[in-house]
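Here, each number is a calculation from the coordinates, and none is a lab measurement. Bear in mind that the values here come from a model prediction, so they are computed numbers and not experimental data.
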Amino acid sequence: MGVVNRKAEQGQATREQLVAAATKLFASQGYAATSIEQVLQESGVSRGALYHHFDSKEVLFEAVLEAVEASIATSIAQAAARAKNAVEALRTGCNAWLRIAEDPAAHRIALVDAPSVVGWQRWRQIDERHGFGLLKRALEAVAAEGRLRPELVDVLAHMLLAALLEVTLVIARAPDRAKARRAGQAAVDALLDKLLAT
């Protein structure tokens, strides 16, 4: 049993090493400019070990995307956990999302490359388990507090996500990201004020 556990741990460590190396490269160079050879060199892992875990660069990218999305969702959930009510949690989570625009890995991997590499549908499925899923649950909690009509939650989640994605892209491309984030945050706060006005 100990040998099996050790092999499983080694396999997991190798997988994590590959994902970490690929994340660094995809974030700095983009998916198209990153080769498998660069990932091997960066990770120090053999080609055979890489293909044992990932049978293509696209499959490796999807694992990287999943890890980046999980990290984003964790950051948002931690920020929102301190809120006193559902509306404050939604607002705090949206503002935490905007700060992610300043993270090159999240921006390049989750927003720029993901739709074209894994396709829109797969990208949305992954995001539904992470950031978008959090957004929908936050809106459901707001609806449960009587601040939103429950039948509008799904479509409003899509609308709010679209707004957040666009603002995030504006921030990421701005010459002064901090200033752009403050303006984006003010705009999102104003949008939420209108959306949740009772």
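Taking 0.36 nm per intervening residue step and subtracting the Cα-Cα distance, what contour gain separates GLU140 from ARG47 on full extension?
28.9 nm
Rg to Rh for the stretch 57-198: what is it, with Cα atoms only and Rh by Kirkwood?
Result: Rg/Rh = 0.96.
Using only Cα atoms and rounding to the nearest 10 degrees, what angle (0 to 90) does helix 120-129 make with the longest principal axis of the chain? It is inclined by approximately 80 degrees.
Taking the convex hull of the alpha carbon atoms in the stretch 158-198, what volume per residue do you get, in Å³?
On the way: hull volume 1.8 nm³, N = 41.
Each residue corresponds to 44 Å³ of Cα convex hull volume.
Each Cα pair under 8 Å and six or more residues apart adds its sequence gap; the mean of these over the residue count of the chain is a relative contact order of 21 percent. Helix 177-195 and the long axis of the chain differ in direction by around 50°, with both axes built from C-alpha atoms. Taking each of LYS84/LYS136; LYS24/LYS57; LYS24/LYS136 in turn, the alpha-carbon distance tops 25 angstrom for LYS24/LYS136.
Under 15 Å of direct C-alpha separation, and excluding same-chain neighbours fewer than eight residues apart, LYS194 reaches these aspartates and glutamates: GLU88. Taking a ≥ b ≥ c as the square roots of the Cα gyration tensor eigenvalues, with a/c under 1.5 meaning rounded and otherwise prolate when a/b beats b/c, else oblate, which class fits the stretch 1-55? Since a/c reaches 1.5 and a/b is larger than b/c, the shape of the stretch 1-55 is classed as prolate.
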